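**Q** Okay, here's the structure, questions in a sec.
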Amino acid sequence: FDKMADFYDPQYNPEPEEMITIIEEHYSTLTNKFGYEVLPDEVIVNNLGYGFMSDGKLKLSEAAFDLNIKNYPKSFNVYDSKGDYYLAAKDSIKALELFEKAIEISPNQFSQEKADMLKSKK
């Protein structure tokens, strides 16, 4: 039985640590089964983060985005997504820092537009 399927139930509201444990155990099982490291998929975890954010579950959203940063530190997208989290949490200073980090890793229009928008509001 895949406990990760519960994440898509709007009524499901685990503690962030529990959610991370479930994800890491799932991928650890896959790693053991296949004999090579299988990290939690960046897109799946990102989608979870945005899903939790849209449900107002900001702690879970933050935990998902942090997991992606841990596993994919060279991906601009993980920092852009965490910046979106900070926008939702109404912390524009940290959001701008994350968008700038995303741009530093890989110049991209998505992060640039959000960073420019935040800079224009200063």
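The values are calculated or read from the model by the stated rules, or taken from the named source; none is laboratory data. These numbers were taken from a predicted model, which means no experiment stands behind them. No Cβ is skipped: glycine too gets one built from the backbone with ideal geometry, and neighbour counts run over all protein chains shown. For accessibility, only protein heavy atoms count, side chains too; no ligands or nucleic acids. Shrake-Rupley method; radii C 1.70, N 1.55, O 1.52, S 1.80 Å.
**Q** May I ask you to say which residue of 7, 52 is in a helix (DSSP H, G or I) and either within 30 Å of residue 117 (Cβ to Cβ) or not aromatic (Phe, Trp, Tyr) (or both)?
**A** It is 52.
**Q** Applying the selection to segment 58-76, what residues are open to solvent by less than 50 Å² (accessible area, probe 1.4 Å) and either touching a residue at least 60 places away in the same chain (Cβ under 8 Å) or not polar (S, T, N, Q) (or both)?
**A** The answer is 60, 63, 64, 65, 67, 69.
**Q** Considering only residues that are assigned to a loop (DSSP other than H, G, I, E, B) and under 23 Å from residue 55 (Cβ atoms), look in segment 10-43 and name the one that is modelled with the lowest pLDDT.
**A** Residue satisfying both the conditions and the ranking: 10.
**Q** Under 7 Å between Cβ atoms, at least 6 apart or on separate chains: pull out the pairs that start in segment 106-122 with a residue that is within 17 Å of residue 74 (Cα to Cα) and of a type outside the set (S, T, N, Q) and end on any residue that is assigned to a helix (DSSP H, G or I) and open to solvent by less than 100 Å² (accessible area, probe 1.4 Å).
**A** If the second residue must be assigned to a helix (DSSP H, G or I) and open to solvent by less than 100 Å² (accessible area, probe 1.4 Å), the pairs left are 110/80.
**Q** Here is a follow-up. Right, residue 79: of a type in the set (Phe, Trp, Tyr), surrounded by 13 or more Cβ atoms within 10 Å (Cβ to Cβ) and part of a helix (DSSP H, G or I) or not?
**A** Spelling it out, residue 79 is indeed of a type in the set (Phe, Trp, Tyr), surrounded by 13 or more Cβ atoms within 10 Å (Cβ to Cβ) and part of a helix (DSSP H, G or I).
**Q** What is the number of the single condition among (1) in contact with a helix residue (DSSP H, G or I) (Cβ under 7 Å, 6 or more places away or on another chain); (2) of a type in the set (D, E, K, R); (3) within 25 Å of residue 88 (Cβ to Cβ) that residue 15 does not meet?
**A** (1)
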